[in-house]
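The values are calculated or read from the model by the stated rules, or taken from the named source; none is laboratory data. Note that this is a predicted model, so its numbers are computed, not measured. Here Cβ is always computed from backbone atoms with ideal geometry, including for glycine, and neighbour counts include all displayed protein chains. Side chains are part of the model used for accessible areas, which takes the heavy atoms of the whole protein and leaves out ligands, DNA and RNA. Shrake-Rupley method; radii C 1.70, N 1.55, O 1.52, S 1.80 Å.
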Amino acid sequence: MNQTYIAVSTDSPSVALDNKSIKMTKKTRKWEVFPGKNKFCCNGRIMMARQTGIFYFTCTLIVVTCGLFFGFDCPYLAVHVTAAIPVVGGALFIFVMATLFRTSFSDPGVIPRASPDEAADIEKKIEVPNTTSPGTYRPPPRTKEVIIKGQVVKLKYCFTCKIFRPPRASHCSFCDNCVERFDHHCPWVGNCVGRRNYRYFYLFILSLSILCIYIFACVLTHLILRSKDDNFLHAMRDSPASVIEAIVCFFSVWSVIGLAGFHTYLVGSDQTTNEDIKGSYSAKRGQENFNPFSQGSILRNCLVVLCGPTPPSLIDRRGFVVPECSPIHDGMLASSGKESNAVKIRHENYGSTTHYKNSNNIGTNTAGDPVVVSNGNLPVTKHDMITYQTTDGTVNNHLPTVNDQPPVVFHDTPLVNFPLAEAEVGPYMRDNTNAVSRGCSTELSPL
């Protein structure tokens, strides 16, 4: 009596092995395995350098100085001068802290490192054979040259990130990352300053200089008004907090104003601190050299730097780590032209199970090599791990044959004997191919 069998695929996320389940592991986010020297907080939403001690000092200095100003000077000035003084001071303080946190907690423009395959491909492309003296090693070139607006720009190879850095990018030794449009590493904000946070850094130092001048002027006004009723020394003794504020602002305003002026010059010329220090666009050996990234005017350069769109982050630090994938059965997938989404796992380390022949357990290994069993039994092949059910209800691992027909072979792997007409075999074979390509086990059940 002829019997008909079809292939049934098991697509459940976990496969039962000896009454146990392979539980899916916890997903890992990219910031948890980030190779750079950075510190992440709030599940990857905040990204900073590891050395943040000076950043905390900056925050403390600004908050304490402004706190003294609002607590001791603003009440007197609001009554004797105008109530707008504390309002303007509060607005400046909020803007300064907002730009500081935006600069410190954001991705400055980190360039992702090359994967092992990408690094190997780049090394093959840049490797130059030494034809003059065979047998000797010639190191690959470290730079490439590109032409931008008629100006030759060199792209340097980063041996840490295994990439050719794009124009204006540089590797930060503190954070150990290549950063787009790298300006400098600022310990006062606890982060690198690059393409994605430069405008906020510039607005921070510009607003901080205005705040320092504003507090210093208000403190002097407060002391002068108090000295009208008494001498200036008595006014200083009656308001010691004003003296502390004046000292802090006096010694801070010069450095902050100088830094703001220097970066105003850089914004107007569309340069970075790194380029200005190295003299990248200065005249060299009498040759004419210019900045190919300049927009041609100061106003256009300011609009591009301060008002242009912020590029998206390239590292996707809150994304999930995707395991490296590879075909489970290379010969089968190469012939069928289909890709596999199976995780690349060594079959011998997929999980040790206790397997007994003639059992109802369904195996998960789809490779042709034997699998070593943990309890010391004989190796079990894929043929032993596939069970078959006949119409009478019995289950065994013997391949059913009808009329001595040979089993159907798909890519040199015996799967099942289909005693059907030749035209009816195609759909079942396609279903079985999809099941194997997904790494699923195959169970036979009668129609």
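Count, please, the residues in segment 102-126 that happen to be in a helix (DSSP H, G or I) and in contact with a helix residue (DSSP H, G or I) (Cβ under 9 Å, 6 or more places away or on another chain).
Number satisfying all stated conditions: 3.
Given (1) small (Gly, Ala, Ser); (2) open to solvent by less than 40 Å² (accessible area, probe 1.4 Å); (3) farther than 26 Å from ARG113 by Cα, identify the lone condition not met by SER255.
Only one criterion in (1) small (Gly, Ala, Ser); (2) open to solvent by less than 40 Å² (accessible area, probe 1.4 Å); (3) farther than 26 Å from ARG113 by Cα is unmet by SER255, namely (2).
Scan segment 101-118 residue by residue and report those that are within 15 Å of PHE201 (Cα to Cα) and in contact with a Cys (Cβ under 7 Å, 6 or more places away or on another chain).
PRO108, the sole residue that qualifies.
Cβ contacts < 7 Å: first residue outside the structural domain of ALA246 (by TED's automatic domain parsing), restricted to segment 63-78; second residue modelled with pLDDT under 95, any location; separation 6+ or different chain. Result?
Qualifying pairs under 7 Å: none.
What about ASP176, is it open to solvent by less than 50 Å² (accessible area, probe 1.4 Å), more than 17 Å from ASN301 (Cα to Cα) and of a type in the set (Asp, Glu)?
Yes.
Considering ARG346, ARG317, which residue is modelled with pLDDT of 50 or more and either among the basic types (Lys, Arg) or touching a Cys at 6+ places or on another chain (Cβ under 8 Å) (or both)?
Only one candidate passes the filter, namely ARG317.
Tally time: how many residues in segment 262-292 are modelled with pLDDT of 90 or more and open to solvent by 40 Å² or more (accessible area, probe 1.4 Å)?
The total comes to 5.
Anything in segment 214-234 that is of a type in the set (Lys, Arg) and surrounded by fewer than 19 Cβ atoms within 10 Å (Cβ to Cβ)? List them, or say none.
LYS228
Conditions (1) touching a Cys at 6+ places or on another chain (Cβ under 9 Å); (2) over 30 Å from SER313 (Cβ atoms); (3) modelled with pLDDT of 90 or more, marked per residue:
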{"site": "ALA78", "(1), (2), (3)": "no, yes, yes"}
{"site": "VAL88", "(1), (2), (3)": "no, yes, yes"}
{"site": "MET97", "(1), (2), (3)": "yes, no, yes"}
{"site": "ALA120", "(1), (2), (3)": "no, no, no"}
{"site": "LYS125", "(1), (2), (3)": "no, no, no"}
{"site": "VAL128", "(1), (2), (3)": "no, yes, no"}
{"site": "GLY135", "(1), (2), (3)": "no, yes, no"}
{"site": "GLU145", "(1), (2), (3)": "no, no, no"}
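Could you list all residues from segment 187-213 that are open to solvent by 10 Å² or more (accessible area, probe 1.4 Å) and in contact with a Cys (Cβ under 9 Å, 6 or more places away or on another chain)?
Scanning segment 187-213 gives ARG199, CYS212, ILE213.
Given ASP229, ASP183, which one is modelled with pLDDT of 90 or more, among the acidic types (Asp, Glu) and farther than 20 Å from ILE94 by Cβ?
ASP183
Considering only residues of segment 95-118 that are in contact with a strand residue (DSSP E or B) (Cβ under 8 Å, 6 or more places away or on another chain) and of a type in the set (A, V, I, L, M), which is farthest from LEU208 (Cα to Cα)?
Across segment 95-118, the extreme among qualifying residues is ALA114.
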